[in-house]
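Working notes, beginning with the structure itself.
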Amino acid sequence: MAINRDTVKYTANLARIELSDKELEHFTGQLDRILAYVDKLNTLNVTNLKPTSHVLDMKNVYREDSVRKSLPVADVIKNAPNKENNLFKVPKIIET
Amino acid sequence: MTMNMKLNTLTAHELIDLLSKGDISPIDICNDIINRIEKQEKSLNALAHFDKEKALERCKNLKEGVNKGKLWGIPIFIKDNISVKDELTTCSSKILKGFKPPYNATAIEKLMDIGAVLMGKTNMDEFAFGSSTETSCYGPTRNPWDLERIPGGSSGGSAAAVSADEAIFALGSDTGGSIRQPASLCGVVGLKPTYGRVSRYGLIAFASSLDQIGPITKDVEDAAILLKAISGHDEMDSTSADIPVSDYSSNIKKGIKGLKIGIPKEYFIEGVDKEVKDSIKLAIGELEKLGAVCEDTCLPHTEYAVSVYYLVATAEASSNLARFDGVQYGLRAENITSMMDMYKKTRKEGFGDEAKRRIILGTFALSSGYYDAYYSKALKVRTLIKMDFDKAFEKFDAIVTPTSPTASFKIGEKISDPLTMYLSDIFTISANLAGIPGMSIPCGFTKANLPIGLQILGKPFDEDTILRIAYNYEQSTEWHKKKPKL
């Protein structure tokens with residue numbers, strides 16, 4: 001097996017997705033079949049190859065470090081599910 | 001022009017002519033589209049968001065004047081993952097419920113600058129994860145040629161709307177075939193530009209090294225017009241290329257005599273439907289009649305493309321979709337006890353099955369202990385796939401293949417088996433991995449009257465040549481004139 005139930009559970013936690021037992025069962029089987037399929041990459045010798053993370057022949061793209069107009073805070077924050085005083089409001093993070 | 005001519009059935013270039021003669025007004029076009037939508041949309045479900053009053057209002061508010069833009073008064077539909085300021089843009093996902101972007105995508109700005117009228121948003125696979133438009137939170141879109149079948153995906157809403165004359169043309173996005181495959185399955189034209197040709201600013205990211213916005217149209221001339229309208233360098237997208245944009249619509253009209261076209265044997269393998277193979281072979285014969293020189297070639301690493309893609313694309317997606325966490329926009333789960341609880345429950349409730357599967361797969365491919373075996377290896381094999389094309393394009397001006405191994409399949413047929421679904425992208429994925437332009441044009445029908453698409457792949461930034469081949473083929477055939485009976 002390329003992936004087991006515990007690894008899927010661990011990975012889902014890294015991805016911050018809660019899974020039900022049924023989903024866990026389901027996804028483990030499906031992901032295992034997908035990983036078994038992609039295993040065909042191991043038949044190729046890639047030792048001397050450079051990775052292609054990007055197809056364009058470009059490196060860093062710079063611009064002048066100058067102040068520009070940005071969106072009004074009210075526009076940026078208007079979609080937030082919970083907000084207060086122009087800030088995103090979330091559950092308490094720091095233990096008291 | 002008769003009074004009975006339904007304007008929604010025409011192409012953009014035909015409407016541009018009529019508008020310039022003063023025979024019709026933008027409102028006339030808008031009204032015919034609204035009528036079509038009111039009659040047809042219930043059975044198609046091609047649209048994610050559409051408000052007819054707003055569409056009419058935009059039409060009425062068009063600025064008149066001597067400097068009317070190239071697309072003045074022409075209505076356009078937009079895939080639901082392309083940001084339109086203050087309009088619902090949800091990637092057909094529950095997690096972006098109610099989201100209205102505070103800015104326009106660059107492609108949208110460019111269209112509005114030349115007078116195009118935004119009509120609404122089209123349905124899609126959730127976050128463009130799919131090949132059938134079945135994973136949308138708004139339910140599946142149906143193929144206008146057979147309502148029991150899928151329109152392809154992920155830009156299935158755009159392709160179905162254009163095919164069914166609910167739209168004149170539309171924008172889609174293509175990460176692994178999401179413009180070309182639905183265009184093929186719905187019998188319309190779809191073009192994925194070279195990576196970097198069109199700004200991705202405002203396109204909600206799926207896989208940033210693969211995504212491109214592109215046109216879905218009724219004919220090749222419209223694809224040329226729309227591509228020109230949205231192309232060009234944009235300082236808001238550092239991966240957009242600073243390379244001049246051609247005058248595609250005049251260049252398509254040159255002949256194709258002497259052009260060298262490669263036919264890769266890896267695209268005619270077992271599993272490709274016989275009716276598809278036969279249609280493509282006839283199309284190649286037609287291209288030869290038009291003076292092109294077609295020869296066999298090989299792209300030896302084609303069989304690895306699906307594997308590379310589903311590691312690279314999911315890895316990038318897992319990173320891009322980390323932003324949907326219930327903080328800044330969209331859904332936030334209720335009854336949460338902590339920050340971590342909020343993340344996990346929001347993403348559990350907000351993402352559909354395929355999104356969860358891909359995020360987990362991508363996270364796995366990037367995770368410590370598996371990175372070298374999966375992600376890093378996939379990037380190296382991507383190099384081999386790119387080198388295959390570099391080599392082929394030393395000899396050929398373009399490459400021709402089927403767009404999809406089969407015509408449209410039944411709703412529900414592949415949705416429970418992700419791997420089988422992934423394999424329906426087998427012929428379109430390589431172009432994204434190599435960054436080259438590709439398009440699909442109608443080239444025939446199966447006995448069951450389902451459209452078949454011809455894929456034309458070109459050199460980087462040489463959209464001119466693939467459009468020219470497509471146009472010459474189209475002008476010598478009648479496929480693009482056939483309409484679904486709805």
* To do: Using R₀ = 30 Å, calculate the FRET efficiency as 1/(1 + (r/R₀)^6) where r is the Cβ-Cβ separation of B:Met340 and A:Asp39; round to 0.05.
  => 0.35
* Asked: Is region B:296-410 rounded, prolate or oblate when judged by the Cα gyration tensor, a ≥ b ≥ c being the square roots of its eigenvalues, rounded requiring a/c under 1.5 and prolate requiring a/b larger than b/c?
  -> prolate
* **Accessible surface of A:Leu87 - all protein chains present, 1.4 Å probe, nearest 10 Å²** => 110
* Provide a whole-number value for the mean count of partner chain Cβ atoms within 10 Å of the Cβ atoms in peptide B:361-368. => 5
* Based on the Cβ-Cβ distance of B:Thr9 and B:Met236, what FRET efficiency does E = 1/(1 + (r/R0)^6) give at R0 = 30 Å, to the nearest 0.05? -> 0.25
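What does the net charge come to around B:Ala448 if you take all other residues with beta carbon closer than 10 Å to its beta carbon, with K and R at +1 and D and E at -1?
Values: positive: B:Arg149, B:Lys447; negative: B:Asp146, B:Glu275.
Every neighbour counted, the sum reads 0.
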* Asked: Averaged across the residues of A:35-45, what count of C-beta atoms belonging to other chains lies within 10 Å of each residue's C-beta?
  -> 6
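Could you tell me whether region B:132-178 comes out rounded, prolate or oblate from its Cα gyration tensor? Rule is a ≥ b ≥ c as square roots of the eigenvalues, rounded for a/c under 1.5, then prolate if a/b exceeds b/c, otherwise oblate.
oblate
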* Structure fact -> Here the residues of region B:442-457 lying in the modelled label zone of B:Lys274, meaning backbone nitrogen under 13 Å from a point 7 Å along Cα-to-Cβ, are B:447
* Which sequence of B:Thr9, A:Thr7 reflects their accessible areas, 1.4 Å probe, from the largest down? -> B:Thr9, A:Thr7
* Gaussian network model of chain A, springs between alpha carbon atoms under 10 Å - residue of A:Val61, A:Val73, A:Val38 with greatest fluctuation -> A:Val73
* To the nearest whole number, what is the average tally of beta carbon atoms from other chains within 10 Å of the beta carbons of peptide B:322-328? -> 4
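Counting protein heavy atoms only and a 1.4 angstrom probe, how many square angstrom of accessible surface do chains B and A bury in total, to the nearest 100?
Details: alone 19180 and 10080 Å², together 23840 Å².
Summed over both sides, the interface buries about 5400 Å².
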* To do: Anything over 31 Å Cα to Cα? Flag those among A:Lys40/B:Lys410; B:Lys289/B:Lys414; B:Lys410/B:Lys459, in the order listed.
  => B:Lys289/B:Lys414; B:Lys410/B:Lys459
* **Exposure of B:Arg358 as accessible area (Å², to 10), given a probe of 1.4 Å and all protein chains** => 10
* To do: Only loop residues by DSSP count here, and only those with at most 15 other Cβ atoms within 10 Å; note down the GluC sites (Glu not before Pro) in region B:246-312 that meet that.
  => B:Glu270
* Counting DSSP beta bridges in the protein assembly as shown, what percent are antiparallel, to the nearest 5? -> 70
* Asked: Using the Cβ atoms and a cut-off under 11 Å, what net charge is assigned to the surroundings of B:Ala292, where Lys and Arg are +1 and Asp and Glu are -1?
  -> 0
* Asked: If one computes the Cα centroid of region B:341-390 and of region B:420-446, what distance in Å separates the two points?
  -> 21
* Structure fact -> Any aspartates and glutamates whose Cα falls less than 19 Å from that of B:Lys344, other than same-chain ones fewer than 8 residues away, would be A:Asp6, A:Glu18, A:Asp21, A:Glu23, A:Glu25, B:Glu126, B:Asp325, B:Glu334, B:Asp353, B:Glu354
* To do: Quickly work out the B:Lys52-to-B:Lys447 label distance, labels modelled 7 Å from Cα along the C-beta direction, and quote it in nm with one decimal.
  => 4.2
* Asked: To the nearest Å, what is the center-to-center distance of region B:209-245 and region B:1-51, using C-alpha atoms only?
  -> 24
* Mind ranking B:81-87, A:63-69, B:200-206, B:170-176 by how tightly packed they are, going by the mean number of other C-beta atoms within 10 angstrom, highest first? => B:170-176, B:200-206, B:81-87, A:63-69
* **Alpha-carbon centroids, region B:143-171 and region B:469-486: separation in whole Å** => 16
* **Environment charge at B:Gly369 (Cβ cut-off 15 Å; Lys +1, Arg +1, Asp -1, Glu -1)** => -1
* Asked: Rounded to the nearest whole Å², what accessible area per residue is found for region B:68-116 with the 1.4 Å probe?
  -> 30
* Asked: What nm value, rounded to one decimal, do you get for the distance between B:Ser208 and B:Lys63 when each label is placed 7 Å out toward the C-beta?
  -> 3.4
* trypsin sites (Lys or Arg not before Pro) within region B:388-466: DSSP coil, no more than 10 neighbouring Cβ in 10 Å -> B:Lys447
* Please list, or write none, the aspartates and glutamates whose alpha carbon is within less than 19 Å of the alpha carbon of B:Lys260, excluding same-chain residues fewer than 8 places away. => B:Glu286, B:Glu288, B:Glu295, B:Asp296, B:Asp388, B:Asp390, B:Glu394, B:Asp397, B:Asp462, B:Glu463, B:Asp464, B:Glu474
* Asked: At a probe radius of 1.4 Å, what is the per-residue accessible area of B:Lys100, in Å² to the nearest 10?
  -> 80
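The values are calculated or read from the model by the stated rules, or taken from the named source; none is laboratory data. Quick caveat, the model's predicted, so the values are computed rather than measured. Glycine gets a Cβ as well: all are built from the backbone with ideal geometry, and neighbour counts include every protein chain shown. For accessibility, only protein heavy atoms count, side chains too; no ligands or nucleic acids. Shrake-Rupley method; radii C 1.70, N 1.55, O 1.52, S 1.80 Å.
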